[in-house]
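Structure first, then comments.
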Amino acid sequence: MARESTEPARPRRRAWRLSTTLMVLVAIAAGYWAWHHTDGLKTAVALLSPWSQRDKARPRSADLQPAIPIHAATVTRGQFPVLLNGLGTVQAWNSVTVRSRVDGQVEKIAFDEGQPVQEGDVLVELDARPFQAALNQASAKILQDQANLASANADLERTKTLVGPGYATKQLLDQQTATVNQLKALITADEAAQENAKVNLSYTTIRAPISGRLGLRTIDIGNIVHATDQNGIVTIAEIQPISVVFTAPEDELPAITRGLKDGPLDVVAFSSNGKTELGRGKLAIINNDIDVASGTIRLKGRFENADNLLWPGLSVTTQLLVATLRNQIVAPDIAVQRGPTGLFAYVVRSDQTIEKRDLEVGQIGGGLAVIAGGVAPGEEVVTAGHARLQPGVRVAATRDDKESAADN
């Protein structure tokens, strides 16, 4: 009987335990939700509020950064040179290959290779004996024919005396007269031969036909030289003055000719890398035709070359000053930057912070740019240190204004 009364109670206890467990879980969940959305949130805010106030009091990170070092230049109003850049080759103003004008043996070389010479300096002496003998022979022939002429003149005078009384015929008088005239002509030919011999004798001393600098010689003492030799003896190149032949686009020819109306245009020659100035000169010649294959015209500049930095055959870069624009707003060309929307520059404001400005740029050349809009004279633009810049950052500027930009 007791066993039968306890069996039904076990399911009821199990159901009660299960319901109690569920109620506890629900209560815990409700408490966690309430804490998370009310007091917990307030507590978290209260805990974090000192940090929030501390963040408000803390300066921004940008204010903690040191000023970025840059270089800046002032935009000015001044002159702008219109320059044409080109490639050129240095050439001797005059060049001569010295050759012998007579055949002979070299007896003396009176120069050192590479030395400067003046017009008329002795370079080479040939064996003059054969030419001196020819001159002596021509001189002797003149004396012989002069003696014959004197005898013929005497005969002519006697014939004239005898013709009057009838002791000589008129025919004999004519013959004597012709003989005298023939001898006079022969003496004239002898004098020409004598002069030719003198000239040939003078050719045995070879002199410099122009002033300049000598090259490498092709002969030695004892060599036989001929008037027909093609290689010559030595070359002379005139390098003071010297010329630079360079090209310019055919489209620039009108501007060049307009510039020449005000006088010769200035030309500057630089080394092939464009870094070293080698000389300044003037435009001397514009070629008489345009190269249709390349669309360029050849120009020749004359350089005094006092320091001999220009040498025949040297490759150079050139700058031709076509015109000078006045009263232009100019800035260093390195201040002009290219961005996705076009050209711009970083402007240094009065509080030493950066502002980005879009630019309208005209011509660029000679280290300068003509500014058509975007900045005004007196403002400062960044010329170096662009990589770390953005609007609003603070900078420490070093000024490097170009004197040429401010030259009015």
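What the table below lists for this structure:
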item	result
Enumeration of residues in the stretch 228-241 that are in contact with an Asp or Glu (Cβ under 8 Å, 6 or more places away or on another chain) and more than 16 Å from LEU123 (Cα to Cα)	GLN240, PRO241
Residue in the stretch 212-223 that is outside any strand (DSSP E or B), surrounded by 13 or more Cβ atoms within 10 Å (Cβ to Cβ) and hydroxyl-bearing (Ser, Thr, Tyr) present	yes
Residue match in the stretch 86-94 (condition: under 25 Å from the mean Cα position of the chain (by Cα), within 30 Å of GLU252 (Cβ to Cβ), of a type in the set (Val, Ile, Thr) and crowded, with 19+ Cβ neighbours inside 10 Å)	yes
Selected residue (criterion: farthest from LEU214 (Cα to Cα)) from residues of the stretch 263-312 that are among the hydroxyl-bearing types (Ser, Thr, Tyr) and either touching a Cys at 6+ places or on another chain (Cβ under 8 Å) or surrounded by 14 or more Cβ atoms within 10 Å (Cβ to Cβ) (or both)	THR296
Of all residues making up the stretch 358-388, the number that are at pLDDT below 90 and among the charged types (D, E, K, R)	1
Some residue of the stretch 348-359 being surrounded by 12 or more Cβ atoms within 10 Å (Cβ to Cβ), touching a residue at least 12 places away in the same chain (Cβ under 8 Å) and not in a strand (DSSP E or B)	yes
Test: residue in the stretch 318-337 that is more than 27 Å from the chain's Cα centre (by Cα) and farther than 30 Å from GLY86 by Cα	no
In the stretch 104-139, residue surrounded by the fewest Cβ atoms within 10 Å (Cβ to Cβ) [restricted to those that are among the charged types (D, E, K, R) and part of a strand (DSSP E or B)]	LYS108
Matching entry among VAL375, VAL382 (being part of a loop (DSSP other than H, G, I, E, B), closer than 20 Å to ALA397 by Cα, in contact with a Leu (Cβ under 8 Å, 6 or more places away or on another chain) and not charged (D, E, K, R))	VAL375
All strands (runs of 3 or more DSSP E) inside the stretch 251-340 with 3 or more residues being without any contact (Cβ under 8 Å) to a residue 60 or more places away in the chain and of a type in the set (A, V, I, L, M, F, W, C)	266-270, 277-291
Enumeration of residues in the stretch 162-208 that are part of a loop (DSSP other than H, G, I, E, B) and surrounded by 15 or more Cβ atoms within 10 Å (Cβ to Cβ)	ALA168, TYR203, THR204, ALA208
Residue that is in contact with a Lys or Arg (Cβ under 9 Å, 6 or more places away or on another chain) and at positive phi, where the choices are ASN287, ASN308	ASN308
Some residue of the stretch 237-244 being farther than 21 Å from ALA134 by Cα and polar (S, T, N, Q)	yes
Search result, residues across the stretch 349-384 that are over 15 Å from GLY78 (Cα atoms) and touching a Phe, Trp or Tyr at 6+ places or on another chain (Cβ under 9 Å)	ILE354, GLU355, LYS356, ARG357, ASP358, LEU359, GLY374, VAL381, VAL382
Residues being at pLDDT 95 or above and of a type in the set (Lys, Arg) - total across the stretch 69-98	0
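The values are calculated or read from the model by the stated rules, or taken from the named source; none is laboratory data. The structure displayed is predicted, hence computed values, not measured ones. No Cβ is skipped: glycine too gets one built from the backbone with ideal geometry, and neighbour counts run over all protein chains shown.
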